[in-house]
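Q: Please find one structure pasted underneath; my questions will follow.
The values are calculated or read from the model by the stated rules, or taken from the named source; none is laboratory data. Because the structure is predicted, anything quoted here is derived from the model rather than measured. Please note: Cβ atoms are built from the backbone with ideal geometry, for glycine as well, and neighbour counts cover all protein chains shown.
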Amino acid sequence: MAAVTALVALLALLLAAAGAGAAEPRVPPADWLLGQVRALSAPEMEGRGSGTPGADRAARAIADELRAAGLRTHLQPFPVPTGIRLGPVNTLAALGPAPRSLALGRDFAPLPVSADGAVEGDIVFAGYGITAPALGWDDYAGLDVRDKVVLVLGGDPRPADPGTPFRRPEAYHYSERSHKIINAREHGARAILLVAHPGAPGETLPPLSGIAQPWAIAALVVTRATADGLLAPAGARLADLAEAIDRPLRPRGRALAGVRVRLEVSLVRERGTAVNVVGVLPGTDPRLAHEAVLVGAHYDHLGRGGEGSLAPDQVGAVHPGADDNA
């Protein structure tokens, strides 16, 4: 399913095989259906990203099919987000006894859901940033993070242990960035710094891509080296903080005396125009002229990848979307 919006198409495409008004509509042959899938997932459709030329071509192709089926067609334009890029100012600086500026793209990167604006505040280590009452877990218990910056580990506690409560299917979402960011915001934090677990294999800063809208909190990813540098004035190390939680499997957040940062995020959210494809087949019973049956589907997909893709390392490559929703 496309990540942004379901583009509505009144697609009674089954009529294409039987003809509008036929008494007994037939199921189209499999080769015809396959031809439709191939047409919509063809390279020239460029993955049908909302608001892109490829999606416009797909819309016109769908409208042609509806007209061929005897339906009246309309194209209804509406604005959609189409991408994101860095604005003029994106900074992160450590304050305190040893102030220093950190490098965008090397030490930190803003997330697409980040709010714009400047934040200055003390850092509080909030463990894994998880609040899960059903599991008896709250990384924010006893912490005052209002108007502060929280430093949060990625993933969930004791990540290599298949026996923790977080391995239950109903608990998987606690490891997701979305839970951590929203949970930080709900606890009153003004910004969140996410960092990979010290034991996680590899470490890369995420590329800025997607069409997500801001979530009313500044959100950045920092490297482990950056986190350790920020923690140094408090005499703390990321590996030790993680171990203090993972070994007993118990939350252990803490304030960090002397650890303070200033950050600023500026993101440009690009917008374009998409279209709903509408096909109308008038009824024949005048008694029901004031009623309508609405059949909806979406034809947009992920375009060239990014947010929502199952292949996050292939940003820029066409995602044909034969399975969603050609």
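Q: State the number of residues belonging to segment 206-262 that are within 18 Å of ASP147 (Cβ to Cβ), hydrophobic (A, V, I, L, M, F, W, C) and over 29 Å from the mean Cα position of the chain (by Cα).
A: Count: 4.
Q: Between a residue in segment 162-178 that is surrounded by 11 or more Cβ atoms within 10 Å (Cβ to Cβ) and any residue that is among the aliphatic types (A, V, I, L, M) and assigned to a loop (DSSP other than H, G, I, E, B), which pairs come within a Cβ distance under 6 Å, given they are 6 or more apart or on different chains?
A: Short answer, once both residue conditions are applied: TYR174/ILE130.
Q: Among the residues of segment 306-318, what is the count of those that are buried (at least 17 other Cβ atoms within 10 Å of the Cβ) and farther than 21 Å from LEU111 by Cβ?
A: Number of matching residues: 1.
Q: Does SER101 qualify as being outside any loop (DSSP other than H, G, I, E, B), over 30 Å from ALA322 (Cα atoms), modelled with pLDDT of 95 or more and among the polar types (S, T, N, Q)? I'd like the intermediate steps shown before the answer.
A: Details: outside any loop (DSSP other than H, G, I, E, B): yes; over 30 Å from ALA322 (Cα atoms): yes; modelled with pLDDT of 95 or more: yes; among the polar types (S, T, N, Q): yes.
Judged against the criteria, SER101 is a match.
Q: What is the residue count in segment 135-186 for residues that are within 17 Å of VAL113 (Cα to Cα) and assigned to a loop (DSSP other than H, G, I, E, B)?
A: 2
Q: Under the condition of being in contact with a helix residue (DSSP H, G or I) (Cβ under 7 Å, 6 or more places away or on another chain) and of a type in the set (D, E, K, R), which residue from segment 55-83 is surrounded by the fewest Cβ atoms within 10 Å (Cβ to Cβ)?
A: Per the criteria, the residue is ARG57.
Q: OK, next. Scan segment 220-246 residue by residue and report those that are out of contact with any strand residue (DSSP E or B) (no Cβ under 9 Å at 6 or more places or on another chain), in contact (Cβ under 8 Å) with a residue 60 or more places away in the chain and over 15 Å from PHE108 (Cβ atoms).
A: If the condition is that a residue be out of contact with any strand residue (DSSP E or B) (no Cβ under 9 Å at 6 or more places or on another chain), in contact (Cβ under 8 Å) with a residue 60 or more places away in the chain and over 15 Å from PHE108 (Cβ atoms), then ASP246 is the only one that fits.
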